[in-house]
Each structure stands twice: as structure tokens, then as C-alpha cells.
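The values are calculated or read from the model by the stated rules, or taken from the named source; none is laboratory data. Bear in mind the structure is a predicted one, so any value in this text is a computation, not a measurement. Every residue, glycine as well, gets a Cβ built from its backbone with ideal geometry; the counts of neighbours run over all protein chains shown. Heads up: the accessible areas ignore ligands, DNA and RNA and are worked out on the full protein's heavy atoms, side chains in. Shrake-Rupley method; radii C 1.70, N 1.55, O 1.52, S 1.80 Å.
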Amino acid sequence: MANHLVSGGTDGVGRVVALDALANGHHVVVVGSTQAKGDAFLTAADQVGASGRATFLCADLRLMSENSRVVDAVRARFDRLDRLVLCAQRYLTRLGHTVEGVERNFALTYLSRFALTYGLLPHLRRADRALVVNVCGTGTPAGRIRWDDLQFRAGGGGLRALAQAGRATDLLGVAFARRPDTRDIPYVLFNPDVVRTNLQRELGYPWRLFALAALTLRGKPVEAGVAPLLRLLADPPAERLSAFRGTRPVRMTSRLLAPGYDPSDAARLHAETERLLSGMGRVDLLP
Ligand SMILES: NC(=O)c1ccc[n+]([C@@H]2O[C@H](COP(=O)([O-])OP(=O)(O)OC[C@H]3O[C@@H](n4cnc5c(N)ncnc54)[C@H](OP(=O)(O)O)[C@@H]3O)[C@@H](O)[C@H]2O)c1
């Protein structure tokens, strides 16, 4: 029996992952920001006789204070963590900041994933064959890090902030896989490709129309999009870092994509992030 944490496990991709883990006899903690979705998840767990193995934590993962609370709760619930599956996401194309002063896409797509990963690293290290899966948009060349203004304080397009957050989450995987203390923990960047979930609902126009068109033309049922991810969770890759778009491996060294997985950018972003979290008084979320 393995211990799973699935952020964003109350809907879409994460919910399918979490219910599959329960069906396979594992212990699962899911995190989402809507109580009703969490209650529905617990009801589904009850219906398959798994209520004793299912936990829902209601938290707004955009806030680092909430990530700290989740990390503490998972540490209290599990003595080790075998699978960390990072799915919590909401695409925002209107620029805005959290009450903690972090650009909102950066906060959820990147900083929360950093916080959960490193806040729980000692627990991951205690498992025999731990695995971290970052479910994201990997394999696209879009997105640049705005090094002189990571939080978009000077303004600028919300779409750029969204794309920056996607780039940052890829770099999180690159930096993780280069650390000596994560040697035994493979890290997978997984893009489910276009699957029919609610993810696009808060996109502004015209992006929402493009997303709906893509869903109509190419959208797969969520179970089909998640199937390759379930195989990776059951049988983790040997490589320290790998990336997939559906069933296809992403060639991270290709000329088009390599700049997005640049190790020096990854190290620089990691250092900036340590500074940011220290400045927020969140040293509990640092490696
Ligand atoms: N769907 C696609 O076509 C597609 C394509 C490429 C990549 N992906 C990636 O797949 C991952 C999962 O997306 P999805 O399609 O499954 O999305 P989804 O169906 O919208 O599910 C998102 C999950 O994140 C949770 N969440 C959102 N904001 C949160 C917050 N502030 N705090 C805590 N939890 C929060 C949601 O719960 P609440 O609503 O209760 O907060 C929900 O459980 C994302 O990382 C996305 O980038 C998806």
C-alpha cells in the first residue's frame, strides 16, 4: 500500500488519478479549494469502500500559508510519501496578485508545486521508490521567465504571466533532478494533451474560444488522457527526469525545446524562489 498526495485531486486529471489509487488499495490525500468537490470525492471513495483511506484537505494553494498547512497535515497523516502528483491548476489570463503579493499563475502553477515538493522532500526520501509527477503543459516552447520582474509588478499581459508560470514549472523539474539529495526520486513532467476538463473556464476572451475549439477538435475524455499517467505511476521511469506528452516522450534536448529546460535557468529560478519564500517567512517550504 502506497501513500499518495494529489494536489488538485478533486476534479479533472487529478480526480481520476486519486480514485484509481484508491481502487488499487492505496492511501490518498487530495487537495482542492472547493469544499463541495472534496465532499463529492469522499462520497465516491465511500462508494468503493475506501473512505478510511481517503482524505480531503480544503486549501487555496495559491497561498504559501495554505501550502504550509497542507505540508503539516500530510506529515501528520503519513510517515512517508510514495507518490506526489501535482495537478492543481486554474489558468488566469487577467493579471493579478495574491494577498501574499505573488502573481497568481506563478503562485499556483509553480510556487505551490515547489513548496509541496520541497516541504515534503524528507517524506519522499523515506519511501522506497518515490515518484513526483508534475502534470503540466510540458513540451511547448512558449513562455519566458521575466528575470527582472518575476511577479509582473510592472504590469504586462496576463497571458505572458500564464506562459511564464508554465516555463517555471518545467524548470522546477530540471532543478529537482539535478540535486544530490533527490537521486532516488524520479521526476516526471506529464502533459495529458487536450482532455475534456473544466480547466479553460476562467480564460479570458479570445483565449477561451481557442481552447474550446481545441477541445472540440482534439479533446479526449479525461480517462483516456490519464491512462499513460497511470502507467507511469504504477511503473516509474528509471531516468531522473523525463517528460511526456500523452504517450510520447518529449525530446527535451531538441533545438526547439532545450532552451525551456535550461539547467542554468533552472538553478537561477531555484535561487530566486528560495529568496522569495525566505522573504515570506516560509523557510519550512525550502529544501
Ligand atoms: N485539460 C487539459 O486539456 C490539459 C492540457 C494540458 C495540461 N493540463 C494540465 O493538467 C493539470 C490538471 O488540469 P485539469 O484539466 O485536470 O484541471 P481541472 O479539471 O480544472 O482540475 C483542477 C484541479 O485543481 C484544483 N484547484 C484549482 N485552483 C486551486 C487552488 N487555488 N487551490 C487548490 N486547488 C485548486 C481544482 O479544485 P477546485 O476547483 O476545488 O479548486 C481541481 O481539483 C494542470 O496542471 C494542467 O495544466 C491539462
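Here the calculated FRET efficiency for Ala238 and Asp128, from their Cβ-Cβ distance with R0 = 22 Å, stands at 0.90, rounded to the nearest 0.05.
Only Cα sites of region 56-159 enter the Debye sum here, all with the same form factor; the resulting log10 I(q)/I(0) across q = 0.11, 0.20 1/Å is -0.39, -1.07, listed in q order. The GNM of the chain, with springs linking C-alpha atoms under 10 angstrom apart, assigns the highest mean-square fluctuation among Leu257, Leu172, Leu229 to Leu257.
Compactness check for region 133-261: Cα Rg over 2.2 N^0.38 Å is 1.13. Whole-Hz Karplus values for region 35-47 come out as 4, 4, 5, x, 4, 5, 5, 5, 5, 4, 5, 4, 5 Hz, taken residue by residue from phi with 6.51 cos²θ - 1.76 cosθ + 1.60 and θ = phi - 60°; glycine and proline positions read x. Rg of the Cα atoms in region 130-197, relative to 2.2 N^0.38 Å, amounts to 1.28. Accessible surface calculations at 1.4 Å, restricted to protein heavy atoms, place region 3-285 at 43 Å² per residue. Structure remark: mean-square fluctuation, Gaussian network model of the chain, C-alpha springs under 10 Å; the largest value among Thr117, Thr34, Thr93 belongs to Thr34. Quantify, in whole percent, the carbon and sulfur part of the accessible surface of the chain (1.4 Å probe; protein heavy atoms only). Carbon and sulfur atoms account for 53 percent of the accessible area of the chain.
Largest GNM mean-square fluctuation across Val85, Val99, Val195, computed for the chain with C-alpha springs under 10 Å, falls on Val99. The HN-Hα couplings worked out from phi for region 277-287 by the Karplus form 6.51 cos²θ - 1.76 cosθ + 1.60 (θ = phi - 60°) are 5, 4, x, 8, x, 9, 5, 5, 9, 9, x Hz, whole numbers, x standing for Gly and Pro.
Computed from backbone phi with θ = phi - 60° and the Karplus coefficients 6.51, -1.76 and 1.60, the 3J(HN,Hα) list for region 167-174 is 5, 4, 6, 4, 5, 4, x, 4 Hz; x is used for glycine and proline. Using helices alone, what [θ] at 222 nm do you get for the chain, with -39,500 (n - 2.57) per DSSP H run of 4 or more residues, divided over all residues and rounded to the nearest 500? After summing the helix terms and dividing by the residues of the chain, the value is -12500 deg cm²/dmol. Semi-axes of the equivalent ellipsoid for the chain, computed as √(5λ) from the eigenvalues of its C-alpha gyration tensor and ordered from largest down, come to 26, 22, 20 Å. For Ala127, the amide hydrogen comes within under 5 Å of the amide hydrogens of Leu81, counting only partners 5 or more places away or on other chains and with H modelled in the peptide plane.
When both bridge partners sit in the chain, DSSP labels roughly 10% of those beta bridges antiparallel. Would region 1-133 count as rounded, prolate or oblate if I go by the C-alpha gyration tensor, calling it rounded below 1.5 in a/c and otherwise prolate when a/b exceeds b/c, oblate otherwise? Oblate is the answer for region 1-133, as a/c is 1.5 or above yet b/c matches or exceeds a/b. Over region 192-287, the ratio between the Cα radius of gyration and 2.2 N^0.38 Å evaluates to 1.43.
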